[in-house]
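Contents: one structure, followed by commentary.
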């Protein structure tokens, strides 16, 4: 290649311009691009650091809120259990009161029914005695032909 021939005068010129070009390129990189990149990296590092601090603060706040929520939820559960128990006891008292009232009413109705039955039984027994006396008087009259009085037949039935 003719450009790289050391005998020619162009080789020294090319070396000179190579040195100048790389020097200018180095100066641009060293004094312009590198400081800008360092600024960008420092800015990113501060942003990341501040974002991490914010995230840690928010995480601590979140933990506090979760702790408060859990505490209030536990308190609400305890209160609801207490209220349910009170409602159950109130319902049981009311049910017992109703049961006692119904039991008293049914007992009263049962006693009244038993009294009516006893009266009707006595009336039926009295009617049966009268009917038995009449029947016995009729049977005695048909068999013996003797007519007995109602008093004498009732006295005979009572003696049995």
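The values are calculated or read from the model by the stated rules, or taken from the named source; none is laboratory data. Bear in mind that the values here come from a model prediction, so they are computed numbers and not experimental data. Please note: Cβ atoms are built from the backbone with ideal geometry, for glycine as well, and neighbour counts cover all protein chains shown.
Would you point out the residue of the range 133-149, among those that are surrounded by 10 or more Cβ atoms within 10 Å (Cβ to Cβ) and touching a helix residue (DSSP H, G or I) at 6+ places or on another chain (Cβ under 6 Å), that is modelled with the lowest pLDDT?
Among those residues, the one meeting the criterion is 148.
Among all residue pairs at least 6 apart or on different chains, which show Cβ distances below 7 Å where the first residue, located in the range 112-141, is touching a residue at least 12 places away in the same chain (Cβ under 8 Å) and the second is not in a helix (DSSP H, G or I)?
137/148; 140/146; 140/148
Does residue 66 qualify as being over 18 Å from the mean Cα position of the chain (by Cα) and farther than 30 Å from residue 158 by Cα?
yes
Against the conditions (1) surrounded by fewer than 10 Cβ atoms within 10 Å (Cβ to Cβ); (2) modelled with pLDDT of 95 or more, where does residue 24 fall short? Just the number, please.
Looking at each condition in turn, residue 24 falls short on (1).
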